[in-house]
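Rule-based calculations on the coordinates, nothing more; no lab input. Computed from a prediction, not measured in an experiment: that's the story for all the values here. Heads up, the Cβs are rebuilt from the backbone with ideal geometry, glycines too, and the neighbour counts pull from every protein chain shown.
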Amino acid sequence: MAWRSGDTVKPGLFMAVVFCIGAVLVCINLGVDGLFWVYPFLVFIFFLVSPLKAFVLLVTMLLVL
């Protein structure tokens, strides 16, 4: 979608939300060992969306955990 439309904001936000949901599910399924997967997601999400959106997503994800 990003290649066809040239718009990278919407696909980046979609991927960031999917990664946050995936990180929560991994942490729920793996328990304490799953928390080690959260740090790479924290860093990666800041590359996908703006800092404010990334911060909101990450705070929401951490509150769910």
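Residues checked against (1) closer than 19 Å to LEU63 by Cβ; (2) touching a Cys at 6+ places or on another chain (Cβ under 8 Å); (3) polar (S, T, N, Q):
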{"site": "SER5", "(1), (2), (3)": "no, no, yes"}
{"site": "LYS10", "(1), (2), (3)": "no, no, no"}
{"site": "ALA16", "(1), (2), (3)": "yes, no, no"}
{"site": "CYS27", "(1), (2), (3)": "yes, no, no"}
{"site": "LEU35", "(1), (2), (3)": "yes, yes, no"}
{"site": "PRO51", "(1), (2), (3)": "yes, no, no"}
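Just one residue in the set LEU57, LEU63 is of a type outside the set (Val, Ile, Thr), surrounded by fewer than 10 Cβ atoms within 10 Å (Cβ to Cβ) and under 14 Å from the mean Cα position of the chain (by Cα); that residue is LEU63.
Screening ALA23 on (1) without any contact (Cβ under 8 Å) to a residue 24 or more places away in the chain; (2) in contact with a Phe, Trp or Tyr (Cβ under 7 Å, 6 or more places away or on another chain) shows it passes everything except condition (1). Within region 49-63, residues that are without any contact (Cβ under 8 Å) to a residue 60 or more places away in the chain sit with their Cβ atoms under 8 Å from residues that are in a loop (DSSP other than H, G, I, E, B) and not small (Gly, Ala, Ser), at 6+ positions apart or across chains, in these pairs: LEU57/VAL49.
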